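Taking it in order: structure first as structure tokens, then the write-up.
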Amino acid sequence: MEFEAIIGLEVHAQLLTKSKIFCNCSTAFGAEPNTHTCPVCLGMPGVLPVLNKKVVALALKVALATHCKIARYSRFARKNYFYPDLPKGYQISQYELPLAEHGYIEIVTGGKPKRIGITRVHIEEDAGKLLHDEAEEDVSYSYVDLNRTGVPLIEIVSEPDIRTPEDASEYLKNLRSILQYLNVCDGNMEEGSFRCDANISLRPIGQDGFGIKTELKNMNSFKNVQKALEYEIKRQTNILDGGDKVIQETRLWDAAKGVTLSMRGKEDAHDYRYFPDPDLVPLAVNDKWIEETKKTLPELPDEKRDRFIKEYQIPEYDAQVLTVSKSMANYYEECVKLYPSPKVISNWVMVELLRRLKTDDREIEECPVSPKLLARMLEMIDDGTISGKIAKTVFEYMYLTGEAPEKIVEKKGLLQVTDQEELVEVVEKVLAENPKEVEKYKKGKTNLFGFFVGQVMKETKGKANPGLVNKILRKMLL
């Protein structure tokens, strides 16, 4: 029997506020354990939470950017469960009355756009963090860091519209890009400010109902999400083909072993005993607030991509890559302002620059080659100071040192050879050393012309002016 996957994603995104959702404690990452805490976020008796207005403002931006319907009236609830990193014994979240519902974002799959529905966007607080020590003498320890307790989150729950692991990865990339463009979340998956849980079930192709789902946790990269879903599809297929039933459970992804491991039985909503939080009044959002928020929305990734295609006349693929992040798009546009050849810039950014950034695991913000340096280097190609081939060497040095291209060319002796007499001597030498090829060329094997150009460039270590080399060769091969 053939099965299809039904995938839904739950994304937790940490909002970029300086203080926590219900108190004044700092949200800064990396502080000493348990130093960013107070009686409110620790849930001490007698304390009262006070809602941070900026949390709502940022959540509204996300709701509007994902085409959600915003509730004029929403409510906070207590989600009860007991875990060492949850000091109150409950998490303040939203349940039956969330901030926003019924939205969508679009992804491109197989060259075609596909709409993925968003069930809800709601506000909640984060829990703390457990740190596990290696076992010593058969005894292991877990330490609790409550700095993260009370950090503001939004949870974005997708509809079960995703059918492949590749589409799941694409959805996450698009969603993170939107959050970064809005400047509401930094999207750092390693630090946990953008986290994903995936729900996956299988059903026979053609069947309408859903199968029994498994929840996957502990995935800190797009690649891990995709690999975990691929593994789970194989695991569940083997179970169903064997005549057994999939168990509803929560499983962890072990990236080192490439497998999912059972963690616990999957809870249902009633297991959490949700009820309205008596310490927080309902949240009211009026039309004026919504309209004011709409005016603050920036140009979002899809809009920017379409503008790049129209304004800069670059291919859709180029525009898609260049608008993945706001910083990348800004870098590209700054380059084009300085050197108005959009496709040339696109090629250099996508091929040379992104290759180096990927190798070094760097973001565009960390790039040593500024738009000004890249534009100046391209001008040096145009004015004949360096060749296109030499430019790649210059770029490498710029990337490693951050130095200006003029300084690198002078220091490394990379000036282009444009002296005609000097190049004539080189061409004569190349032709003299390859008499058989010259004879074949003159008998009609004209595709050898590229061979001669290559030999001249080799002799000059890539410094020869290609146009001048072509001109001299054509004249001397007559």
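The values are calculated or read from the model by the stated rules, or taken from the named source; none is laboratory data. As the structure is a prediction and not an experimental result, all values here were calculated from the model. Glycine also receives a Cβ, built like all others from the backbone with ideal geometry; neighbour counts cover every protein chain displayed.
Computed values, structure above
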quantity: Which listed residue is without any contact (Cβ under 8 Å) to a residue 24 or more places away in the chain and assigned by TED's automatic domain parsing to the domain that holds Thr27, from Gly128, Gly89, Gly110, Gly103; calculated: Gly110
quantity: Residue within region 208-215 that is assigned by TED's automatic domain parsing to the domain that holds Phe29, more than 30 Å from Val56 (Cα to Cα), touching a Phe, Trp or Tyr at 6+ places or on another chain (Cβ under 6 Å) and crowded, with 19+ Cβ neighbours inside 10 Å present; calculated: no
quantity: Val40 over 26 Å from the mean Cα position of the chain (by Cα) and either among the hydrophobic types (A, V, I, L, M, F, W, C) or not assigned by TED's automatic domain parsing to the domain that holds Thr149 (or both); calculated: yes
quantity: Near pairs, Cβ below 9 angstrom, 6+ apart or cross-chain, from region 160-176 (assigned by TED's automatic domain parsing to the domain that holds Val121 and within 15 Å of Phe194 (Cβ to Cβ)) to any residue that is assigned to a helix (DSSP H, G or I) and of a type in the set (Val, Ile, Thr); calculated: Ala168/Val225; Ser169/Val225; Leu172/Val225
quantity: Exclusive hit being closer than 30 Å to Met328 by Cβ and either in the same structural domain as Ser169 (by TED's automatic domain parsing) or within 25 Å of the chain's Cα centre (by Cα) (or both), set Arg264, Arg195, Arg203, Arg235; calculated: Arg195
quantity: Residue satisfying condition, being touching a residue at least 24 places away in the same chain (Cβ under 8 Å), out of contact with any Phe, Trp or Tyr (no Cβ under 6 Å at 6 or more places or on another chain) and aliphatic (A, V, I, L, M), within set Val453, Val438; calculated: Val438
quantity: Qualifying positions in region 420-458 - closer than 23 Å to Gly384 by Cβ and under 44 Å from the mean Cα position of the chain (by Cα); calculated: Gly450, Val453, Gly454, Gln455, Val456, Met457, Lys458
quantity: Selection from region 18-30 of residues that are surrounded by fewer than 17 Cβ atoms within 10 Å (Cβ to Cβ) and either assigned to a loop (DSSP other than H, G, I, E, B) or touching a Pro at 6+ places or on another chain (Cβ under 6 Å) (or both); calculated: Lys18, Asn24, Ala28, Phe29, Gly30
quantity: Which numbered condition Tyr83 fails, given (1) on the phi < 0 side of the Ramachandran plot; (2) surrounded by fewer than 21 Cβ atoms within 10 Å (Cβ to Cβ); (3) assigned to a strand (DSSP E or B); calculated: (3)
quantity: Residues of region 19-42 classified as more than 20 Å from Leu283 (Cα to Cα) and of a type in the set (Val, Ile, Thr), total; calculated: 3
quantity: Check on Glu230, in the same structural domain as Val55 (by TED's automatic domain parsing), surrounded by fewer than 19 Cβ atoms within 10 Å (Cβ to Cβ) and farther than 16 Å from His12 by Cα; calculated: yes
quantity: Total residues in region 125-154, condition crowded, with 21+ Cβ neighbours inside 10 Å and closer than 30 Å to Ser201 by Cβ; calculated: 4
quantity: Residue within region 269-279 that is buried (at least 17 other Cβ atoms within 10 Å of the Cβ) and touching a helix residue (DSSP H, G or I) at 6+ places or on another chain (Cβ under 8 Å) present; calculated: no
quantity: Hey, Val430 in contact with a helix residue (DSSP H, G or I) (Cβ under 6 Å, 6 or more places away or on another chain), at pLDDT below 90 and surrounded by fewer than 21 Cβ atoms within 10 Å (Cβ to Cβ) or not; calculated: no
quantity: Condition broken by Leu240, with the remaining ones in (1) out of contact with any Leu (no Cβ under 8 Å at 6 or more places or on another chain); (2) more than 23 Å from Pro98 (Cβ to Cβ) satisfied; calculated: (1)
quantity: Some residue of region 245-252 being surrounded by fewer than 12 Cβ atoms within 10 Å (Cβ to Cβ), free of Cβ contacts under 8 Å to residues at least 24 places away in the same chain and assigned by TED's automatic domain parsing to the domain that holds Leu97; calculated: no
quantity: Yes/no for Lys257 being loosely packed, with under 15 Cβ neighbours inside 10 Å and either part of a helix (DSSP H, G or I) or of a type outside the set (Lys, Arg) (or both); calculated: no
quantity: In region 308-350, the residues that are closer than 19 Å to Leu374 by Cα, surrounded by fewer than 20 Cβ atoms within 10 Å (Cβ to Cβ), touching a residue at least 24 places away in the same chain (Cβ under 8 Å) and among the polar types (S, T, N, Q); calculated: Ser327, Ser341
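Per-residue answers, yes or no, for (1) of a type in the set (Ser, Thr, Tyr); (2) surrounded by fewer than 18 Cβ atoms within 10 Å (Cβ to Cβ):
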site: Ala13; (1), (2): no, no
site: Leu16; (1), (2): no, yes
site: Glu32; (1), (2): no, yes
site: Pro39; (1), (2): no, yes
site: Val55; (1), (2): no, no
site: Arg72; (1), (2): no, yes
site: Ser93; (1), (2): yes, no
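Okay, residues lined up against (1) in contact with a helix residue (DSSP H, G or I) (Cβ under 6 Å, 6 or more places away or on another chain); (2) part of a loop (DSSP other than H, G, I, E, B):
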{"residue": "Thr149", "(1), (2)": "no, yes"}
{"residue": "Leu153", "(1), (2)": "no, no"}
{"residue": "Asp167", "(1), (2)": "no, no"}
{"residue": "Cys185", "(1), (2)": "yes, yes"}
{"residue": "Ser201", "(1), (2)": "no, no"}
